[in-house]
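Report on the structure given below.
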């Protein structure tokens, strides 16, 4: 039986990235497990909008994988939540397609943030 589903983000500067996402999404940190030397986060979990984001420190060598986009879909009337996330995540973004309306919703942004995570947040 499936216990839960989570998004696992393997990043460099994991602790810094977690603080960044905590601010963007008003998230709470559920747990942090450090390596024995206390120099790298081996596993951490954060709760954002009822979803689990998991983190692990990326090794120096980049391991190529599939490109995925992490999405948060909000109900109408939650545009302020989207604007706040955008205002934080746009800092140092590698690619930012902007914030605005779209055909299927009142507000959307897509971007690749400074940690290389591809986001789509909309209502």
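What spacing in nm lies between the two simple spin-label points modelled at residue 38 and residue 84, each 7 Å away from Cα in the Cβ direction?
Placing both labels 7 Å along Cα→Cβ, they lie 3.2 nm apart.
Measure nothing but the geometry: give the 0 to 90° angle between the long axis through the Cα atoms of 79-89 and the longest principal axis through the Cα atoms of the chain, rounded to 10°.
40 degrees
I want the antiparallel fraction of DSSP beta bridges within the chain, as a percent rounded to 5.
Of all bridge pairs located within the chain, approximately 70 percent are antiparallel.
Taking the chain as a Gaussian network, where each spring joins two C-alpha atoms under 10 Å apart, which residue of 86, 21, 33 fluctuates the most?
33
Between 15, 36, 57, where does the largest GNM mean-square fluctuation fall for the chain, given springs only between Cα atoms within less than 10 Å?
36
For a distance above 18 Å, tell me the whole-number percent of Cα pairs in the stretch 1-59 that qualify.
Percent of Cα pairs beyond 18 Å in the stretch 1-59: 30.
Mind giving me the nanometre distance, one decimal, between the label points for residue 26 and residue 120, set 7 Å out from Cα along Cα→Cβ?
Each label point is offset 7 Å from its Cα along the Cβ direction, giving 2.5 nm.
Residue 7 to residue 19: extension gain in nm, 0.36 nm per residue of separation minus the Cα-Cα distance?
2.6 nm
Have a look at 29, 41, 68 and tell me which one the Gaussian network model of the chain (Cα, springs below 10 Å) gives the largest fluctuation.
Fluctuation is largest for 68.
When the chain is fully extended, how far beyond the present Cα-Cα distance does residue 54 get from residue 94, taking 0.36 nm per residue of separation?
12.2 nm
Per the Kirkwood treatment, what hydrodynamic radius in Å, one decimal, follows for the stretch 69-123 from the mean inverse distance over all distinct Cα pairs?
11.0 Å
Taking the 0 to 90 degree range and rounding to the nearest ten, how far is the long axis of helix 14-25 tilted relative to the main principal axis of the chain, both from C-alpha atoms?
Helix 14-25 and the main axis of the chain meet at about 30 degrees.
Just so you know, all these numbers are worked out from the coordinates, no wet-lab data involved. Given the structure is predicted, the values throughout are model-derived calculations rather than measurements. Don't worry about glycine lacking a Cβ; one is built from the backbone with ideal geometry, like all the others, and counts go over all protein chains shown.
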